[in-house]
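Coordinate-derived values only; no laboratory data. What you see is a predicted model; the values in this text were computed from it and never measured. All Cβ positions, even for glycine, are placed from backbone atoms using ideal geometry, and neighbour counts span all protein chains on display.
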Protein chains: 2
Amino acid sequence: VKKSGTIAEALVRFILDEGLAEGDKLPSETELAARLGVGRNTVREALKELAGRNIVRIRQGSGTYVAYNAGLGADPLGLTFIPDKLKLMEDLLTVRILIEPPIAGMAARTATDEDIREILRLRDAVNSRIRAGDEYEEQDAAFHTAIAMSSKNTVVPRLIPIIHSTVTMLVDVTRKALAREAAAVHDDIALAIAERDAMAAQDAMHVHLLLNRQLVHKIVRQQSRDSSLSA
Amino acid sequence: VKKSGTIAEALVRFILDEGLAEGDKLPSETELAARLGVGRNTVREALKELAGRNIVRIRQGSGTYVAYNAGLGADPLGLTFIPDKLKLMEDLLTVRILIEPPIAGMAARTATDEDIREILRLRDAVNSRIRAGDEYEEQDAAFHTAIAMSSKNTVVPRLIPIIHSTVTMLVDVTRKALAREAAAVHDDIALAIAERDAMAAQDAMHVHLLLNRQLVHKIVRQQSRDSSLSA
């Protein structure tokens, strides 16, 4: 374990030194082993460790590639360990309300034509799942991430998947009520960006997230009333 | 490795099910082994894995405790893999400018007397290092984290150490210029919170971060001018 750990760090340095970016292919295990002066098995173990940390992606029969959002783990902030999940959901929405409306405004200014096609495509993907009554959290996170990427800020697209994570956990409580408004607001946001109307994009995103927090806050209030009545 | 991985997840579930929080002590390895029906060595390996993921902290001769900011890794967003570090620094400051001023305003309303004592103590710690010409990034991050914790938002204190990380990387470029204004602004922020003046706290934090971004942006502009002249 110790040895593969050291080799894993050497591979991270190799990726950085070579300037390999998301989606770029790494040399073969044989070549990496020769470069680092270790055995192929050691390289393979180290690559598995890096795959576990989402730094590389191993595609069977194809090769090893730098992962999308390299180094971003499944629960990077350790939100699993915040015990009060409703409070957590409210706090995540507060962070989203601070970040996402101005980012949507920036996106309306900086999005390329290709970005806009992708945002509209994801809007359709989310909304068709909402109308069918299916789970839509994954597509929703992708829609918000695409907007963040269009802003050309490099940090926010890495934050979005995290600050969406807990919404998925609690979605049973809120999905129906949220879905009612979500489809219409997704249209507002996507079209404002497509029309490069920064203020409209910012306001639509702001309204969307405020409606979300209002709903969660009502549930929090109701729960604390219920528990004080039963106490 | 596979087996200790499964046991590691069982230990995570144990921590969550028992409601253990930051700083709480876990049962002994012997007791955990008995509860999970595995050997002590397997438990020890799994605890080491959790320590590597900052979920527990093993103190020799004392025992195993739930870690501070459990589950929050060293570089949880994988910012190491964003190649353009100056652009990254600007983008991190943009995120901080969106989040930290309103959070400082909230802190002025919600901070306890104990929170305020801690903020003032950390302000003194940062400023005495600045005046001595020493590195102050660690104390600066602690100062900003203490303000975020005083806001009682559970997510922002976990974001602050991350969005401070790259500032440390680039500090050689900017430390001298930033230090000049930092000490005075830290006073403004800390005293506004101590006086429970939300608008003053929000504005002081806003000014502080805008001055930071202005400086970084000037460096970015200068570099792009230099590279276009040499092209």
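The calculated 222 nm mean residue ellipticity attributable to helices in chain B amounts to -25000 deg cm²/dmol, summing -39500 (n - 2.57) over DSSP H runs of n ≥ 4 and dividing by all residues.
Could you work out, residue by residue across A:79-92, how many beta carbons of other chains sit within 10 Å of that residue's beta carbon, and then give the average as an integer?
Values: counts 5, 6, 14, 6, 5, 1, 0, 0, 4, 3, 1, 3, 7, 3.
Counting other chains' Cβ atoms within 10 Å and averaging over A:79-92 gives 4.
Within 10 Å of the Cβ of each residue in A:183-196, the mean number of Cβ atoms contributed by other protein chains is 0. Peptide B:152-163 shows a mean partner chain C-beta count of 5 within 10 Å per residue C-beta.
In percent, rounded to a whole number, the relative contact order of segment A:13-148 is 17, using alpha-carbon pairs under 8 Å and six or more apart. Protection proxy ranking for A:201-210, B:36-45, using the average of other Cβ atoms within 10 Å per residue and placing the highest first: A:201-210, B:36-45. When only the Cβ of Lys, Arg, Asp and Glu is charged (+1, +1, -1, -1), the dipole of the protein assembly as shown relative to its Cα centre reaches about 900 debye.
Ordering B:109-122, B:78-91 by mean Cβ neighbour count within 10 Å, with the highest value first, yields B:78-91, B:109-122. Once you reduce segment B:8-55 and segment A:109-149 to the center of their Cα atoms, the two points are 40 Å from each other.
Each Cα pair under 8 Å and six or more residues apart adds its sequence gap; the mean of these over the residue count of chain B is a relative contact order of 21 percent. Shown for B:Leu159, A:Leu20: other C-beta atoms within 10 Å of each C-beta, ranked fewest to most, produce the order A:Leu20, B:Leu159.
With a ≥ b ≥ c the root eigenvalues of the C-alpha gyration tensor of the protein assembly as shown, is it rounded (a/c under 1.5), prolate (a/b larger than b/c) or oblate? Spell out each step's value before the answer.
Working: a/c = 1.14, a/b = 1.10, b/c = 1.03.
Here the protein assembly as shown falls in the rounded category.
Here the contact order of segment A:10-85, divided by its residue count and restricted to Cα pairs under 8 Å and six or more residues apart, works out to 30 percent.
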